[in-house]
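Data first, discussion second: the structure below is written as structure tokens.
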Amino acid sequence: QVQVVESGGGLVQAGGSLRLVCTVSGTSFRVNGIGWYRQLPGKQRELVAAIGSGGGTTYADFAKGRFTLSRDNAKNMAYLQMNSLEPEDTAVYYCNLGSLYARTYYESDYWGQGTQVTVSS
């Protein structure tokens with residue numbers, strides 16, 4: 001069956017960096033898009049960034065210039081590099097297997113369990 005697993009979260013000081021990894025198994029990774037979401041305490045889940053099967057990307061405004069999403073089809077992995085982190089980025093980050101079309105990400109029911117990112121001031 002399809003499995004989506006996130007890793008790479010942790011505790012970092014403001015201004016620091018983290019790289020989150022999304023590993024997918026049980027499906028043809030290269031034909032799918034990947035979306036990274038986050039859920040802040042008491043808030044709804046929001047899209048951070050997405051990458052299509054062809055490598056095109058889209059970012060939320062708060063992520064532009066700080067976060068970079070990439071993929072390695074040979075490893076069935078997608079990477080969210082997060083730089084210049086702020087305490088406001090503290091959240092649980094989730095990976096989703098879906099599709100990106102015309103800069104709109106269409107999520108599927110395939111989610112990972114989430115990884116906690118905590119940014120201290």
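The values are calculated or read from the model by the stated rules, or taken from the named source; none is laboratory data. Only a predicted model underlies this, so the values are computations on that prediction, with no experimental measurement involved. Glycine gets a Cβ as well: all are built from the backbone with ideal geometry, and neighbour counts include every protein chain shown. Just so you know, the surface numbers come from the protein's heavy atoms only, side chains and all, with ligands and any DNA or RNA stripped out. Shrake-Rupley method; radii C 1.70, N 1.55, O 1.52, S 1.80 Å.
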**Message:** Quick check on my filter: what residues within region 60-74 are in contact (Cβ under 8 Å) with a residue 24 or more places away in the chain and basic (K, R)?
**Reply:** R71
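Could you list, in sequence order, all residues of region 107-121 that are farther than 12 Å from G10 by Cα, exposed (fewer than 13 other Cβ atoms within 10 Å of the Cβ) and in contact (Cβ under 8 Å) with a residue 12 or more places away in the chain?
As a first pass, look at region 107-121 and keep what is farther than 12 Å from G10 by Cα: 107-113, 121.
If we keep only those that are exposed (fewer than 13 other Cβ atoms within 10 Å of the Cβ) too, we end up with 109, 113, 121.
Within region 107-121, Q113, S121 meet the criteria.
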**Request:** Specify the residue that is modelled with the highest pLDDT; the eligible residues are those in region 13-61 that are closer than 24 Å to A74 by Cβ, open to solvent by 60 Å² or more (accessible area, probe 1.4 Å) and not small (G, A, S).
**Result:** R19
**Message:** Residues to consider are S99, S84; find the one that is at positive phi and in contact (Cβ under 8 Å) with a residue 40 or more places away in the chain.
**Reply:** S84
**Request:** Search region 42-59 for residues that are within 19 Å of T115 (Cβ to Cβ) and pair each with any residue that is open to solvent by 40 Å² or more (accessible area, probe 1.4 Å) and aromatic (F, W, Y) when their beta-carbon atoms are under 7 Å apart and the residues are at least 6 apart or on different chains.
**Result:** A49/Y59
